Amino acid sequence: MKIVIGQGSCGIAAGAEKVRNALINYDIKDADITIAGCIGMCYLEPIVDIYDGSELTRLVKVNPDDAEKIAQYINTKDKAYIENLIVSDEDSEFLSKQTRIALKRCGIINPEEIEDYIEAGGYTALKKAVLEMTPEDVIETIKASGLAGRGGAGFPTWFKWNAARQSEGDEKYLICNADEGDPGAFMDRAVIESDPHNLIEGMLIGAYAIGAKHAVVYVRAEYPLAIKRLKRAIEQATEKGIIANHIFGSAFSCDFTIKAGAGAFVCGEETALIESLEGHRGMPRLKPPFPAQSGFWKKPSNINNVETFANVSWIINNGGEAFAAMGTEGSKGTKVFAVTGKVKRSGLVEIPMGKTLRNVIFDIGGGMKNNKEFKAVQMGGPSGGCIPAELIDTVIDYKALGATGAIMGSGGMVVMDESTCMVGMAKFFLDFTAKESCGKCIHCRIGTKRMLEMLTRITEGNGKDGDIELLEELCYSIKDGALCGLGQTAPNPVLTTIKYFRNEYEAHIKEKKCPAGECTNLIAYRIIEDKCKGCTLCARNCPVNAISGSVKTPHKIDSEKCIKCGKCCASCRFDAIIKA
Amino acid sequence: MQTVDLSLLSGVLDKYASIKGSLITILQKTQDIYGYLPKEAIELISEKTGIAASEIMGVGTFYTQFRFEPVGKYLIMLCQGTACHVNSSQLILQTIKDELGIDDGEATDDGLFSLKCVACLGCCSLSPVMMINEDTYGSLTPDKTKKILKELREAAE
């Protein structure tokens, strides 16, 4: 029997390493213990898969204390020992309703052993490409697949590869953007931690297609486990002669480097990424020239996102048409989404384009936590927008999502309920983009600051008539004038929240009220006399002594002293304190 | 003020000083050694690479990873990503501020803890999340956060 313990960053944060150690220490006979990466059922971590031949029993929310039960099951094969740990049929649907291509092997194979990857069919696509296909054939196959950039721009991948191929010069670079800076997105992290060889294979195929001899991955610094696993994968692939001169005996040679980012969201923009690779401040360059003509060290370069590369080996092995058979007219294949926020089942969802937001959030995601009302879903991070409940049946397609004012984005999908203030969300994103602005162009450097100032005023109860119109004017001006994608898309969260939640802006400005009850300056905590038992717990927890009352008599909050921290409400055991 | 032992940097500089484009790598390895970027180290890097110290400072200050002051034994990085925000990361921030008496960018007087609010760590399903040095802690509640800080303090004693 084989015991596979999920060891992605989320799993480890949930205690998976402790589970692994407990199982190893238990010294279970007749079972090999190994690891896998992240299967994407994050809300159920730690996850332990037990294989009896090919029969899989999946255990979820496993604790180190469960090691004994697992040992007993292995010894007796009696599932009664582990019954309460077995994943429910309902939760199994989270995976069974997905179509996995980029995430195919994630959470299944051991990411630290190249043999596992090879046994699962790995590197056959690379072999096929370099021995049986010309670079032009590879580009044609990618063209037939309709694969578009998964980092968010959705630009046809074949076009970029072809442009780099057509550029003159024999010194070219194939670069992978693993900077994944969008808050709420962790698709790329899962791929690198769980199936790093798939990324290497996709990149080598890309390098072959464009005529590059150098492949470089730029991984953000905040992903230490991903960097560690990728480094190991590169070492193993090099030892095996896959990253080499004359790969598989062909004329194609390629070296492979990994470079870590240093914490700058703007370095997800391809020209800023190149600047960072060159050891400079990550400040974007004007385009044209495009990287395909003048990129890393001014040489022709092609930059693609991790997920884009993660689809390549499948496309080469199964054909472009097979990939294009999935999806819509303008959006082919599958897309990975990181579904988080107020949803019951939080994790990674890979589905064909053409499904709807409702499919993702409700059918697969299980709907809203705590039976609250679905209010909006934020897609595309700080470059994206908030899609309201009435548009839940929007099709997942680059154009259809763009028509709402949001974007497909890299895949982050943050689900919100009635307790999320949409003006507060816009402010949250501007706080992020204003900090991350590189400062090079006035529209972004000053524009984002001004938007943030206005949104802060509005959420603090100091909004003025005319603020909404001025915000809109500022947004369009920034979109027109900013140098790069960061600035050009920074206004999107503001524009979409104004479009769909104008009433909330108006309530903040005209009535000085926050309908969601989130903006601290615009809410007040109140004790309901009838419910208050006078236990004094709230008064003792209040950091500013704003609550008065003697034991067993209803207490009262002094609104002048109250700093709206919410500790009283959180500590009350009788639901006697409300947010008004 | 402690003297900085610059001999610790020689291995890194021997390997990377002459490779173009390596400045960020050099700064990262320098910070791995000292825990921050000492002024003396920047001057030595400038000398060996030929890159002006002002340019090195320009690069160092651009990226949030780099620090110019020593940090506590435990660097708490509290995620400010969207999912964490929606799942009340502000409450965790307040808890840490109350427990340790420090704000974002500050260190405790005993040098044990430093706090830094950081951009999304990519562990969104377990929001709210914090990293302390290389360890990730998820599904945080105020009580869980207090417990983690207490355990670390006790381990250090």
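The values are calculated or read from the model by the stated rules, or taken from the named source; none is laboratory data. Note that the structure is a prediction, hence the values are computed from the model and not measured. Reconstructed Cβ throughout: ideal geometry from the backbone, glycine too, with neighbour counts over all protein chains shown. Side chains included, ligands, DNA and RNA excluded: accessible areas come from the protein's heavy atoms. Shrake-Rupley method; radii C 1.70, N 1.55, O 1.52, S 1.80 Å.
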What are the ³J(HN,Hα) values, in whole Hz, obtained from phi via the Karplus relation 6.51 cos²θ - 1.76 cosθ + 1.60 with θ = phi - 60°, for each residue of segment A:531-541 in sequence order, with x given for Gly and Pro? 8, 6, 9, x, 6, 6, 4, 5, 4, 5, 8
Dipole check, segment A:303-456, charges on Cβ (K,R +1; D,E -1), about Cα centroid: among A:Ser331, A:Asn305, A:Asn359 the Cα furthest to the positive pole belongs to A:Asn305
Gyration tensor (alpha-carbon) shape descriptor, segment B:1-109, a/c threshold 1.5: prolate
Pairs beyond 19 Å (Cα-Cα), from A:Lys510/A:Lys561; A:Lys228/A:Lys298; A:Lys2/A:Lys240; A:Lys427/A:Lys479; A:Lys2/A:Lys79; A:Lys259/B:Lys29: A:Lys510/A:Lys561; A:Lys228/A:Lys298; A:Lys2/A:Lys240
Linear extension gain, A:Ala570 paired with A:Ser550, 0.36 nm per residue minus alpha-carbon span: 5.2 nm
What average count of beta carbons from other chains do you get within 10 Å of the Cβ of residues in A:179-191? 4
Out of the total accessible area of chain A (probe 1.4 Å, heavy atoms of protein only), what percent is carbon and sulfur? 49 percent
Note to self: C-alpha centroids of segment B:19-51 and segment A:362-380 sit apart, in Å, by 47 Å
Going by a ≥ b ≥ c, the root eigenvalues of the Cα gyration tensor, does segment A:11-69 fall in the rounded group (a/c under 1.5), the prolate group (a/b larger than b/c) or the oblate group? oblate
Taking placed amide H atoms and a strict 5 Å upper bound, the residues 5 or more places from A:Ala292 or on another chain that come that close are A:Ser301
Please give the FRET efficiency for B:Asp109 paired with A:Glu469, using the beta carbon to beta carbon distance and R0 = 51 Å, rounded to the nearest 0.05. 0.55
Highest-first arrangement of A:178-188, A:289-299, where packing means the average Cβ count within 10 Å: A:178-188, A:289-299
Nearest-0.05 FRET efficiency for A:Glu113 and A:Thr257, computed from C-beta distance (R0 25 Å): 0.65
DSSP bridge pairs, the protein assembly as shown: antiparallel proportion in percent, nearest 5: 55 percent
How many Cβ atoms of partner chains, on average, are near each residue of B:123-135 if near means within 10 Å of its Cβ? 6
Could you calculate the contour length gain from A:Ala163 to A:Ala403, that is, 0.36 nm times the residue separation minus the distance between their Cα atoms, to one decimal place in nm? 83.5 nm
Residues of B:75-84, mean number of Cβ from any other protein chain within 10 Å of their own Cβ, rounded to a whole number? 6
Could you give the nm distance between label points at A:Ser96 and A:Ile33, where each point is 7 Å from its Cα heading toward the beta carbon? 3.1 nm
Charge dipole (debye, nearest 20) of segment A:444-517; +1 at Cβ of Lys and Arg, -1 at Cβ of Asp and Glu: 180 debye
I'd like to compare A:123-135, A:535-547: which one has the highest average count of other Cβ atoms within 10 Å, and what's the full order after that? A:123-135, A:535-547
In nanometres, what is the gap between the two model label sites at A:Glu390 and B:Ala155, each 7 Å from Cα along Cα-to-Cβ? 5.2 nm
Which of the three applies to the protein assembly as shown, rounded, prolate or oblate, going by the alpha-carbon gyration tensor with a ≥ b ≥ c and a/c under 1.5 meaning rounded? rounded
For labels at A:Ala80 and A:Glu529 in the simple 7 Å Cα→Cβ model, what's the distance in nm? 6.0 nm
For segment A:1-106, radius of gyration divided by Kirkwood radius, i.e. Rg to Rh on alpha-carbons: 0.94
Restricting to DSSP H runs of at least four residues, report the calculated mean residue ellipticity at 222 nm for the protein assembly as shown, -39500 (n - 2.57) per run over all residues, nearest 500 deg cm²/dmol. -11500 deg cm²/dmol
Ranked highest first by average number of other Cβ atoms within 10 Å, how do B:118-129, A:345-356, A:158-169, A:13-24 line up? B:118-129, A:345-356, A:13-24, A:158-169
Residues with amide H under 5 Å from that of B:Leu75, placed H, sequence gap 5 or more: B:Ser114, B:Asn133
Beyond 27 Å between alpha-carbons counts as too far, so tell me which of A:Lys533/B:Lys97; A:Lys128/A:Lys335; A:Lys512/B:Lys116; A:Lys513/B:Lys150; A:Lys61/A:Lys399 fall in that bin. A:Lys533/B:Lys97; A:Lys512/B:Lys116; A:Lys513/B:Lys150; A:Lys61/A:Lys399
Give me, ordered by chain and number, the residues 5 or more places off A:His214 or on other chains with an amide H under 5 Å from its own placed amide H. A:Lys172, A:Leu174, A:Asp255
For each pair in A:Lys372/A:Lys435; A:Lys552/B:Lys144; A:Lys97/A:Lys372, compute the distance between the two Cα atoms and list the pairs where it is over 28 Å. A:Lys372/A:Lys435; A:Lys552/B:Lys144
